[in-house]
């Protein structure tokens with residue numbers, strides 16, 4: 001498996017996405033999960049403008065010079081089922097499919113939509129309709145859309161487990177609509193990683209590899225992000241022996257895509273406008289040491305299981 005990494009929260013103090021790519025390349029990473037999640041949150045974002053293809057061309061050329069390749073992507077952020085959001089997010093996601101094709105990216109993960117009070121059938125019907133509206137763009141550009149498992153056991157997201165994901169995958173029933181397993185999100189359900197991966201089998205085309213400490217009562221943690229920690233693998237309670245054993249059994253052919261967003265001090269604990277906070281961000285040299293460690297952990301994991309690929 002090739003190791004890739006998402007552009008996570010700790011990158012922000014570098015101030016530029018290509019600075020991030022340069023620095024993670026020095027840390028060993030050759031492949032990235034291209035961030036359309038946070039860069040296409042408005043209709044005037046660079047990739048939503050008429051000259052978006054020029055932006056994509058400059059991006060691809062710059063990444064090639066750095067020695068980094070975008071191997072997968074994350075679709076634009078937003079709640080598909082929120083009032084007034086569905087059509088906007090469909091438009092942005094269709095454009096994201098075009099961007100992926102322009103950058104040579106074959107898979108893109110997305111979050112299904114839900115609203116408070118949604119019952120299971122209403123949830124499935126909405127997300128079936130939403131996915132079907134994206135199929136023409138996927139077919140035209142040869143990009144596979146990956147359904148990501150999201151939510152906790154007490155939320156209205158019904159694609160939380162492998163069984164629930166398979167229900168929607170079966171309803172859409174299209175070769176360009178497959179699955180992305182987020183190990184940290186699955187851990188919030190205290191679900192079995194091994195059984196889930198085996199259940200998804202050939203549908204599993206992507207991973208978001210992150211760690212946490214499983215389901216914790218909201219009352220004791222106060223905020224959701226204190227549970228969905230996005231720690232590097234082996235830093236929480238996810239059983240990655242189960243994960244890698246199962247990945248080998250299903251002949252998983254996608255990237256080992258890391259999604260470590262901690263330390264999260266920059267974006268969630270501080271007011272960015274407040275001065276006099278020297279610990280707001282880690283210094284650059286420590287940030288690089290952090291990424292070197294994350295890469296070395298992933299390489300060790302894959303090497304032990306005989307699946308590491310340069």
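Overview of results
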read-out: Looking only at region 179-191, and only at residues there that are without any contact (Cβ under 8 Å) to a residue 60 or more places away in the chain and touching a helix residue (DSSP H, G or I) at 6+ places or on another chain (Cβ under 7 Å), the one that is farthest from residue 255 (Cα to Cα); value: 186
read-out: Verdict on residue 216 being over 20 Å from the mean Cα position of the chain (by Cα), farther than 27 Å from residue 87 by Cα and either part of a helix (DSSP H, G or I) or free of Cβ contacts under 8 Å to residues at least 24 places away in the same chain (or both); value: yes
read-out: Filter result for residue 238 (under 18 Å from the mean Cα position of the chain (by Cα), at pLDDT 95 or above and either outside any helix (DSSP H, G or I) or loosely packed, with under 13 Cβ neighbours inside 10 Å (or both)); value: yes
read-out: Single unsatisfied condition, residue 106 versus (1) surrounded by fewer than 21 Cβ atoms within 10 Å (Cβ to Cβ); (2) more than 18 Å from the chain's Cα centre (by Cα); value: (2)
read-out: Region 23-40, subset touching a helix residue (DSSP H, G or I) at 6+ places or on another chain (Cβ under 8 Å) and in a loop (DSSP other than H, G, I, E, B), residue surrounded by the fewest Cβ atoms within 10 Å (Cβ to Cβ); value: 28
read-out: Hey, residue 73 part of a strand (DSSP E or B) and either touching a strand residue (DSSP E or B) at 6+ places or on another chain (Cβ under 7 Å) or farther than 20 Å from residue 180 by Cα (or both) or not; value: yes
read-out: Every residue from region 149-168 that is surrounded by fewer than 22 Cβ atoms within 10 Å (Cβ to Cβ) and either assigned to a helix (DSSP H, G or I) or at pLDDT 95 or above (or both); value: 163, 164, 166, 167, 168
read-out: Only one of 50, 83 that is surrounded by fewer than 17 Cβ atoms within 10 Å (Cβ to Cβ), without any contact (Cβ under 8 Å) to a residue 40 or more places away in the chain and over 26 Å from residue 157 (Cβ atoms); value: 50
read-out: Sole exception among (1) modelled with pLDDT under 90; (2) over 30 Å from residue 123 (Cα atoms) for residue 7, by number; value: (2)
read-out: Test result for residue 20, assigned to a loop (DSSP other than H, G, I, E, B) and either touching a strand residue (DSSP E or B) at 6+ places or on another chain (Cβ under 6 Å) or within 30 Å of residue 279 (Cα to Cα) (or both); value: no
read-out: Every pair of residues 6+ apart whose Cβ atoms lie under 8 Å, when the first sits in region 103-114 and is within 16 Å of residue 60 (Cα to Cα) while the second is in a loop (DSSP other than H, G, I, E, B); value: 105/143; 106/142; 106/143
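The values are calculated or read from the model by the stated rules, or taken from the named source; none is laboratory data. Note that the structure is a prediction, hence the values are computed from the model and not measured. Note: ideal-geometry Cβ built from the backbone for every residue, glycine included; neighbour counts use all protein chains shown.
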